[in-house]
Amino acid sequence: MNFLSKKASGIAPYTAGEQPQDRKYIKLNTNENPYPPSPRVAEVLRALETEGLRRYPRPDAGKLRAAIALEEGVEPENVFCGNGSDEVLALSFPAFFDADGAGACFADLTYSFYEVFAAFFGIPVNIVPLRADFTFDLSAMQAADCQGYYIANPNAPTGVGIERDLLDDFVSSVPDRLVILDEAYMDFFGESCVPLTKKYSNVIVVKTFSKSYALAGIRCGYAVGNAALIDGLFRMKDCFNSYPVDAVAEAVCAAAIADREYYRGMTARVVSERERLRGELLGMGFTVPESRSNFLFAGRTKLSGREIYARLKAAGILVRYWEKPVLCDFVRITVGTPEENDVLLSQLYTILS
Ligand code: PMP
């Protein structure tokens, strides 16, 4: 007897990057930060009163929302927090799209979770191919029939970014459609569209503590948008999980986001390594689109993405690859520390020669 529902039996779930435990790898496969979180995080954890864990956390993550609002220059009513930005994105599908509506529009090569969420919630999709140089075709997206858009900026897995001015024009050109901007990697670019959330009522920005804040293990993400959109996310959360942000995550993330100086320095180091790494990869003959994120999409050598992945893994280095058209010629490499990147480069040199 199969007790699974048709949905559970039929859906193709998202596959996260592997976390093997068999040996110690140089781990450049899930876009984590190579540097530790702010020292204030350790202080918060040391001072944690475990007695307080007896109680449920704040259902609205109010203290964290206030801290985020301060940093983002908005009001707490403009902020929603969830268990990772994946959860925020998941809740956005039923909050803003109808199963019998015109659907969600996104690029063919983008964060693959959008397609899984749409399938899970039974929302139609309208896929618009990226241009040959991996940039977004915003005019084709504008012409597409849909209820709204998901745009990862910078995009994953390509790393390509869209300037704020272009998105300002785009958002204003589709006033009756919602534009959801996934800014998971935005701190490595510095063109956040949070200011557009005050100018337009049809845009919402989703961010995460997992990448630039080096807190992937904490699981916390947030959305910024006008109060009516934020209320839509709260309505969905309260149908699913009253307390997605636990008390530890709330305290840790509030301390982290306030340590602007620490993170500015760390992000600058990652960006400078990204540029060095890209230069070296181009020199070896890789095609590497200009990246605005903390990873590089590198490929089109004589070897397939899978071959590069397998040989690097044998040498103790993890990168990401996909068995999909176009993507299969590439690997996605997270920017590591200078030392990790040096090991990667020397291995790639050996593999390719
Ligand atoms: N958006 C994009 C584009 C991502 O690459 C990721 C990380 N896999 C996420 C959102 C989700 O990140 P998290 O759930 O850790 O906040």
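Tell me, please, whether a residue that is in contact with a strand residue (DSSP E or B) (Cβ under 6 Å, 6 or more places away or on another chain), closer than 17 Å to G122 by Cβ and outside any helix (DSSP H, G or I) can be found in region 47-64. No, there is no match, as no residue in region 47-64 is in contact with a strand residue (DSSP E or B) (Cβ under 6 Å, 6 or more places away or on another chain), closer than 17 Å to G122 by Cβ and outside any helix (DSSP H, G or I).
Across region 97-113, the qualifying residues are those that are aliphatic (A, V, I, L, M) and outside any loop (DSSP other than H, G, I, E, B), and the one among them that is nearest to the ligand (Cβ to nearest atom) is A107.
So is V245 under 17 Å from the mean Cα position of the chain (by Cα), modelled with pLDDT of 95 or more, closer than 18 Å to G84 by Cβ and within 16 Å of the ligand (Cβ to nearest atom) or not? Judged against the criteria, V245 is not a match.
For region 298-346, name all the residues that are part of a strand (DSSP E or B), touching a helix residue (DSSP H, G or I) at 6+ places or on another chain (Cβ under 8 Å) and crowded, with 20+ Cβ neighbours inside 10 Å. Passing the criteria: A298, G299, I317, R320, F330, V331, I333.
Note on region 241-258: among residues that are of a type outside the set (D, E, K, R) and not in a helix (DSSP H, G or I), the one that is surrounded by the most Cβ atoms within 10 Å (Cβ to Cβ) is V245. Among residues of region 95-123 that are over 26 Å from G159 (Cβ atoms), those with a beta-carbon under 9 Å from a residue that is small (G, A, S) and within 16 Å of the ligand (Cβ to nearest atom) at least six positions away or on a different chain give the pairs F96/A104; F97/A104; F97/A118; G103/A118; F120/A90; F121/A90; I123/A104. Is there a residue being without any contact (Cβ under 8 Å) to a residue 60 or more places away in the chain, assigned by TED's automatic domain parsing to the domain that holds V252 and in contact with a Gly (Cβ under 9 Å, 6 or more places away or on another chain) anywhere in region 47-60? No, because not a single residue in region 47-60 is without any contact (Cβ under 8 Å) to a residue 60 or more places away in the chain, assigned by TED's automatic domain parsing to the domain that holds V252 and in contact with a Gly (Cβ under 9 Å, 6 or more places away or on another chain). Which one is nearest to V174 (Cα to Cα), of the residues in region 135-146 that are of a type outside the set (A, V, I, L, M, F, W, C) and touching a strand residue (DSSP E or B) at 6+ places or on another chain (Cβ under 7 Å)? In this case the residue turns out to be D145. Residues that are more than 22 Å from I351 (Cα to Cα) and small (G, A, S) within region 259-295 comprise G265, A268, S272, S291, S293, listed in sequence order. Residue-level check: of (1) among the hydroxyl-bearing types (S, T, Y); (2) within 16 Å of the ligand (Cβ to nearest atom); (3) not assigned by TED's automatic domain parsing to the domain that holds A66, S212 misses just (3). In the set L181, L215, only one residue is in contact with a strand residue (DSSP E or B) (Cβ under 7 Å, 6 or more places away or on another chain) and at pLDDT 95 or above; that residue is L181. Residue count for region 162-184 satisfying the condition of being under 25 Å from C220 (Cβ atoms), more than 16 Å from the ligand (Cβ to nearest atom) and either crowded, with 20+ Cβ neighbours inside 10 Å or not assigned by TED's automatic domain parsing to the domain that holds Q142 (or both): 1.
The values are calculated or read from the model by the stated rules, or taken from the named source; none is laboratory data. Because the structure is predicted, anything quoted here is derived from the model rather than measured. Cβ sites come from the backbone with ideal geometry, for glycine too, and all protein chains shown count toward neighbours.
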